[in-house]
Amino acid sequence: MLFQQDELATFCDVVVTAEDAVIAASPSLPIGGGFISPLWAYHVGASRAKVLSFVPGKRISGRTAADWGWAYESVPASELLDKVRTLALEISRTPASVLRMKKIAVNRTLELQGFRLTAYMGAETDVVVHYSDAVKHVKTTIEAAGFKKTQRMFDSGDLFP
């Protein structure tokens, strides 16, 4: 099983995942402000993006990521490398100058929809929440008790009584 974070992939031109990949949509403890969360909305819709952001430790499979539109496609893990290699070779048949213009056209569409501004806004809100009392409490607890104990406290409902 492949475990991947969503941050870098959210900005990739094309994402292909293994069907059984486990994609971390949010950290297991509520310590971030949603840098990537707003960008999930572009790929999977606002309602799904909210659940992926609001539920600490939320994970989805590679198959779900493709079904929801976050990934272009998901394939069995044993076929992933061949699939990506084949796709890259197919893309490489198009001249670089043409690919560049196609990428600019698609990216401009995303920019007109606010993708870049959303990425900046997500970074701003993430910074602000890192200085909130709740996140300071989590970080202090991690420093004092360790990550695993803090995670158990959160899971049991004892971290935020």
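Which count do you get for residues in region 32-47 that are surrounded by fewer than 19 Cβ atoms within 10 Å (Cβ to Cβ) and either of a type in the set (A, V, I, L, M) or under 21 Å from residue 72 (Cβ atoms) (or both)?
Qualifying residue count for the region: 5.
Which residues, taken from region 20-57, are among the aliphatic types (A, V, I, L, M), in a loop (DSSP other than H, G, I, E, B) and within 12 Å of the chain's Cα centre (by Cα)? Before you say what the answer is, go through the steps one by one.
So in region 20-57, the residues among the aliphatic types (A, V, I, L, M) come out as 21-25, 29, 31, 36, 39, 41, 44, 46, 49, 51-52, 55.
This time we only want the ones that are in a loop (DSSP other than H, G, I, E, B), so: 21, 25, 29, 31, 36, 55.
Hits for region 20-57 are 25, 36.
Being open to solvent by less than 40 Å² (accessible area, probe 1.4 Å) and more than 14 Å from residue 19 (Cα to Cα) is the filter here, so list the residues in region 62-99 that pass it.
87
Would you say residue 68 is at pLDDT 85 or above, of a type in the set (A, V, I, L, M, F, W, C) and farther than 25 Å from residue 132 by Cβ?
Numbers: at pLDDT 85 or above: yes; of a type in the set (A, V, I, L, M, F, W, C): yes; farther than 25 Å from residue 132 by Cβ: yes.
The answer is yes for residue 68.
If you take the residues of region 126-154 that are polar (S, T, N, Q) and buried (at least 16 other Cβ atoms within 10 Å of the Cβ), which of them is farthest from residue 56 (Cα to Cα)?
The initial filter retains those residues of region 126-154 that are polar (S, T, N, Q), namely 132, 140-141, 150-151.
Next cut, buried (at least 16 other Cβ atoms within 10 Å of the Cβ) only: 141, 150-151.
Details: 141: 17, 150: 13, 151: 11 Å.
The qualifying residue farthest from residue 56 (Cα to Cα) is 141.
Within region 102-125, can you find the residues that are on the phi > 0 side of the Ramachandran plot and surrounded by 16 or more Cβ atoms within 10 Å (Cβ to Cβ)?
Going residue by residue through region 102-125, those that are on the phi > 0 side of the Ramachandran plot are 114.
Listed by number, the list is empty, since nothing qualifies.
Report yes if residue 57 is at positive phi and open to solvent by less than 30 Å² (accessible area, probe 1.4 Å), otherwise no.
yes
The values are calculated or read from the model by the stated rules, or taken from the named source; none is laboratory data. Quick caveat: nothing in here was measured; it's all calculated off a predicted structure. Cβ coordinates were reconstructed from backbone atoms using ideal geometry, including for glycine residues, and neighbour counts include every protein chain displayed. Accessible surface is based on the protein model in full, side chains and every heavy atom, while ligands, DNA and RNA are left aside. Shrake-Rupley method; radii C 1.70, N 1.55, O 1.52, S 1.80 Å.
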